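The block underneath contains the structure these notes are about, expressed in structure tokens.
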Amino acid sequence: MRLKRKDILTIEELSREEIEMILSTAESLREVSEREIKKVPTLRGRTVINLFYEASTRTRTSFEIAAKRMSADAVNISVSTSSVVKGETIKDTAKNLEAMRPDCIVVRHAAAGVPMMLAANLACSVINAGDGAHEHPSQALLDMLTVRGRLGALEGIKVAIIGDIAHSRVARSNIYGFTRMGANVVVAGPPTMMPPGIEALGCVVAPDVDTAIKGADVVMMLRIQLERQKDAFFPAAREYSRFYGLDEARVRLAKKGVVILHPGPINRGVEISSEVADGPYSLILDQVTNGVAVRMALFYLLLGAVREDAA
Amino acid sequence: MRLKRKDILTIEELSREEIEMILSTAESLREVSEREIKKVPTLRGRTVINLFYEASTRTRTSFEIAAKRMSADAVNISVSTSSVVKGETIKDTAKNLEAMRPDCIVVRHAAAGVPMMLAANLACSVINAGDGAHEHPSQALLDMLTVRGRLGALEGIKVAIIGDIAHSRVARSNIYGFTRMGANVVVAGPPTMMPPGIEALGCVVAPDVDTAIKGADVVMMLRIQLERQKDAFFPAAREYSRFYGLDEARVRLAKKGVVILHPGPINRGVEISSEVADGPYSLILDQVTNGVAVRMALFYLLLGAVREDAA
Amino acid sequence: MRLKRKDILTIEELSREEIEMILSTAESLREVSEREIKKVPTLRGRTVINLFYEASTRTRTSFEIAAKRMSADAVNISVSTSSVVKGETIKDTAKNLEAMRPDCIVVRHAAAGVPMMLAANLACSVINAGDGAHEHPSQALLDMLTVRGRLGALEGIKVAIIGDIAHSRVARSNIYGFTRMGANVVVAGPPTMMPPGIEALGCVVAPDVDTAIKGADVVMMLRIQLERQKDAFFPAAREYSRFYGLDEARVRLAKKGVVILHPGPINRGVEISSEVADGPYSLILDQVTNGVAVRMALFYLLLGAVREDAA
């Protein structure tokens, strides 16, 4: 079993069968992290480079741990955009890294499209770990894995995604992913954060948060990137919380047994209340656990399966 | 053999038997680093996360090398406090890391108590690699290992700790450790750096450095954190050296065969003269070597011994 | 087979036989990186510390990957000179690291001579990964490996090195290396960047770039460190390109089948045109691939060969 593609760049381009394959593989790899010896020898001698142009403790750590649990060698490169050597293009940087013969480059960059450009120019695999406000495919895969694990299926469920839809690569990847799997996706958020024409991605825009959440099987809250909002894009945190945040009253609008998701890190008391984040419906920490499993699956399906077949 | 505790947070809470067990284990693991192949397979498939909120090349490197020599996977996370993502608490960061299923989180933080808070909230092991001016247990363990290796026993010996007692987690952990093992601990330093009531920890405050050192079996010099002293807490470096620094004249006040320790990095010519630091009584570099052995022992006793027992 | 030296500090001190041994070993190790399982167990249980006082994504990554492909444990320490703990000398830092029993310390530092000073004080191996404007031996070795791979031999060929000769450790190491191997080295560049007396190293100074390149088998362009040139040392980038840059017209002055080298990162349109950098004579990416092989060879010849012999 192996993906018939070199790279994981977007959810948009993945077929339902590919997503199924990734989720099933992740499910079977998830137990590795629950063992005492959390390691399989499958990708011994493979090299994974984590090339992060945006700081990200959590995502980089997840990819690094996933690589190591598959026995691959992981090399981290953190590049603060400001200190990138002047005169060298990202493409040149990547071609140079490729010349060291990695099997996979995991890349995060503030500019949408960078992972695609690299994938088109490199012989090795490329995984998009987040590009601008475009896509973050491994996040959507871990979200789908988490929901499927709890609800059993994605077909026909209602998924509400709430928050800053316009700037969220997490929202975009999840809209593609859940609709591809047959779910109904409804989005809601401040009007200034709702991109015109978002319906073209296959989702419905709700007039307000309560309408979006009503009867939902899944409520996914997005992180408000307070640090990104320089202008008065949205009202103060307290106002945001009142109109767009998830508290227990809003959770009761959803279906019984609703699944609450958040990509983290959470702003307690802003987009989500502590009662909800720490409550029985929250699968926020399961998402993190599943993140390692999904990334192990991606490495396996891109780098490892051929050898397994040959053996 | 295994510690009956999940975490190593303080020396204060360790019994004499526990300290003996750690030192003996470290002694037997010390030879691993002297082999040509410096690695045992004991902790293969375990994951150790070094979560450092304070920069520390030396301690982080020691823990990382210790983990790798036990065959564990080591993942480093350096967080400059200023750049921590706003809105996420340390507890949330740690719960997220825990969800990736590490076996142990090694944490250093400028605030006393952070490792305890994490240990209370996490299922995995937590090792305190230094919390504010509170404790630095692995440092005290390596200091005791070094002294025991040279002098044979800790019972009844006189240990003088000299310097900035008030701000030193090294001093605090060593006072607890050496007194627990039956040694007599005397402290001395500038009056402004001597916390009132320190005797409650089981040590004696000497009126001056010479009195403290007189007849001592061990003299431990503390690092003056020049960068921490913004105010005129203590006289200029030259004055400090004269009144509180260790030179050869002062060494002669101690017992013959005295052991000189310093947790490093040393300020040559301030708290210790080069003649003493590089002289025959100085075990400063043995401390560093023993640091790797002690940390290997802690990983072994927290993470590995059960499996050994089961096999 | 093993080098009869503990350290690799300069090309200047290497004999022709030693360079031959390193290049041959690198040639045989190069295929490891082309395998699916890019790893040999040779240096399992050895510890390599990358101690970089200057930021260098590319060189650090190359050494790290080389160590891991030989199965050694690699530990990275990045020290921004500004944040080095005050009061501790580089020698003390290194003695402390040595006490953790690494087998090799790879060091880069802005000051010429630091690796030699460390090598004289440490029992473990030291590899110079670049010291100020002095030497960068592994770069010259990978350059020689690249040229030998394409041209078959180094004896009697003409090598032109163009650019900022005065500030370039790459130029210095290559002048020593290629002349030692019997090549004729010609240098050219802006007069302000040509150190007086450079002929003493065994090269010829050409009056202009065209003369240097005429009939050359190898043209090595040096990086103009735009960030280093605070003063009006040299004309603007466009001027530089016209007088000292390599474009297709200049390439035609060289011998047919000329080898174009650049240590990277390249400034496209400044010292080298994109047509040339990406053209058929450019071996710039082969240099990077060979860099990993050369570093694997250095680790093997310094740390590993004895054990092989003994087995």
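The values are calculated or read from the model by the stated rules, or taken from the named source; none is laboratory data. Everything numeric in this text was worked out from a predicted model, so none of it was measured. Ideal geometry is used to build each Cβ from the backbone, glycine not excepted, and the neighbour counts take in all protein chains shown.
Figure legend. Inter-residue proximity from the stretch B:10-38: first residues touching a residue at least 60 places away in the same chain (Cβ under 8 Å), second residues assigned to a loop (DSSP other than H, G, I, E, B) and not hydrophobic (A, V, I, L, M, F, W, C), beta-carbon distance below 7 Å, spacing 6+ or different chains. Indicated pairs: B:VAL32/B:LYS38; B:SER33/C:ARG101. Of the residues making up the stretch C:136-167, those that are among the small types (Gly, Ala, Ser), surrounded by 24 or more Cβ atoms within 10 Å (Cβ to Cβ) and within 19 Å of C:ILE198 (Cβ to Cβ) are C:ALA140, C:ALA160, C:GLY163. Scan the stretch A:142-165 and tell me whether some residue there is farther than 25 Å from A:GLU20 by Cβ, among the hydrophobic types (A, V, I, L, M, F, W, C) and more than 14 Å from chain C (Cβ to nearest Cβ). Scanning the stretch A:142-165, I find at least one residue that is farther than 25 Å from A:GLU20 by Cβ, among the hydrophobic types (A, V, I, L, M, F, W, C) and more than 14 Å from chain C (Cβ to nearest Cβ), so the answer is yes.
The strands (runs of 3 or more DSSP E) found entirely in the stretch A:1-118 include none that carry 1 or more residues being more than 14 Å from chain B (Cβ to nearest Cβ) and surrounded by fewer than 16 Cβ atoms within 10 Å (Cβ to Cβ). Answer with yes or no whether B:GLU248 is more than 18 Å from B:ARG148 (Cβ to Cβ), in contact with a Gly (Cβ under 9 Å, 6 or more places away or on another chain), among the charged types (D, E, K, R) and touching a residue at least 40 places away in the same chain (Cβ under 8 Å). Against the criterion (more than 18 Å from B:ARG148 (Cβ to Cβ), in contact with a Gly (Cβ under 9 Å, 6 or more places away or on another chain), among the charged types (D, E, K, R) and touching a residue at least 40 places away in the same chain (Cβ under 8 Å)), B:GLU248 does not qualify. Please indicate, with yes or no, whether at least one residue in the stretch B:57-74 is at pLDDT below 95 and not charged (D, E, K, R). Yes, there is a match, as at least one residue in the stretch B:57-74 is at pLDDT below 95 and not charged (D, E, K, R). Scanning the stretch A:153-181 for residues that are in contact (Cβ under 8 Å) with a residue 40 or more places away in the chain and part of a loop (DSSP other than H, G, I, E, B) yields A:ILE157, A:GLY163, A:ASP164, A:ILE165, A:HIS167, A:SER168, A:MET181.
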